[in-house]
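Notes for the one structure printed next.
The values are calculated or read from the model by the stated rules, or taken from the named source; none is laboratory data. From a predicted model like this one, the values you see are computed outputs, not experimental measurements. Methodologically, a virtual Cβ is constructed for each residue, glycine included, from the backbone with ideal geometry; neighbour enumeration extends over all protein chains shown. Heavy atoms of the whole protein, side chains included, go into the accessibility calculation; ligands, DNA and RNA do not. Shrake-Rupley method; radii C 1.70, N 1.55, O 1.52, S 1.80 Å.
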Amino acid sequence: PALPDEPLTVAWVMTPPNGGSGGHTTLLRLVGALEQAGHRCVLYLYDRWGGSLPEHERVLREWWPWVRADVRDAAAGIDDSHAVIATAWPTAYAVAASPAKGARFYLVQDIEPWFYPAGGEALLAEATYRFGFHGITAGRWLAGKLTADHGMAADHFDFGCDLDRYRLADPGGTSGE
């Protein structure tokens, strides 16, 4: 457990990032916010296909330069942390199997079983919602769906928007578009 005023160490277990990925951007904004608040984050990349850790880190640093977290290979193990967070269904298996100490969480941004036809991968993805992790979801609807359908305790955060990049072209709504 964290002591009062002690920074937390948060282990994020994630798939390797693809430049511009929306899901990775949301995840890494959360990492950046924790780092700005004085906490230490460690990114453990879980690559089922055995890609190059240095190449994955290069992509991460290029596309998300605000992230200062250490980048490690999840296959080498996860260190004890205050929190260990799965971020996609394959990473939930790595988090469940890890002997690392730390409260277990699951960042859920989509209903991932719906990405697959009925079959093994859909069932494997769905099973992760019953691992006993506490859910952190993108949006209120998703938290309610996970709780109602799978009994997963979950909290949510509201969707964000980069207002420097995205804004209404006609805030008064007078253009008719």
What is the spread of the Cα atoms of the stretch 1-96 along each of their three principal axes, largest first, in whole Å?
40, 28, 21
Amide H neighbours of V108 under 5 Å, at least 5 residues apart or on other chains, H built in the peptide plane: list them.
I136, T137, A138
With springs connecting C-alpha atoms under 10 Å apart, model the chain as a Gaussian network and identify which of A76, A127, A96 has the largest mean-square fluctuation.
A76
Note on the stretch 42-93: C-alpha Rg/Rh, Kirkwood Rh, two decimals, gives 0.95
Roughly how big is the chain's charge dipole about its Cα centre, with Cβ charges of +1 (Lys, Arg) and -1 (Asp, Glu), in debye to the nearest 20?
200 debye
Distribution output for the stretch 82-177: share of Cα-Cα pairs per 5 Å bin in percent, first bin at 0, values 3, 12, 19, 19, 14, 9, 7, 7, 5, 3, 1, 0
Whole-Hz ³J(HN,Hα) from phi, Karplus 6.51 cos²θ - 1.76 cosθ + 1.60, for the stretch 7-14, glycine and proline x:
x, 7, 10, 10, 9, 9, 9, 9
So what is the relative contact order for the chain, in percent, with contacts set as C-alpha pairs under 8 Å and at least six apart?
18 percent
With every protein chain in place, what's the accessible area of W89 (1.4 Å probe, Å², nearest 10)?
10 Å²
For the stretch 38-147, share of DSSP beta bridges that run antiparallel, in % to the nearest 5:
0 percent
What FRET efficiency comes out for the pair R140/E6, r = Cβ-Cβ distance, R0 = 25 Å, nearest 0.05?
0.20
At 7 Å along Cα-to-Cβ for each site, give me the label-to-label distance between A122 and D73 in nm.
3.5 nm
In whole angstrom, how long is each semi-axis of the equivalent ellipsoid of the chain, when you take the square root of 5 times every eigenvalue of its Cα gyration tensor and sort them from largest down?
27, 22, 18
Whole-Hz ³J(HN,Hα) from phi, Karplus 6.51 cos²θ - 1.76 cosθ + 1.60, for the stretch 16-31, glycine and proline x
x, x, 9, x, x, 4, x, x, 5, 4, 4, 4, 6, 5, 5, 4
Can you work out the Karplus-derived ³J(HN,Hα) for every residue in the stretch 122-132? Use 6.51 cos²θ - 1.76 cosθ + 1.60 with θ = phi - 60°, whole Hz, and x for glycine or proline.
4, 5, 5, 5, 5, 4, 5, 6, 10, 7, x
Dividing the alpha-carbon Rg of the stretch 20-62 by 2.2 N^0.38 Å yields what?
1.26
Per-residue ellipticity at 222 nm for the chain, helices alone: DSSP H runs ≥ 4 residues times -39500 (n - 2.57), over residue total, nearest 500 deg cm²/dmol?
-9000 deg cm²/dmol
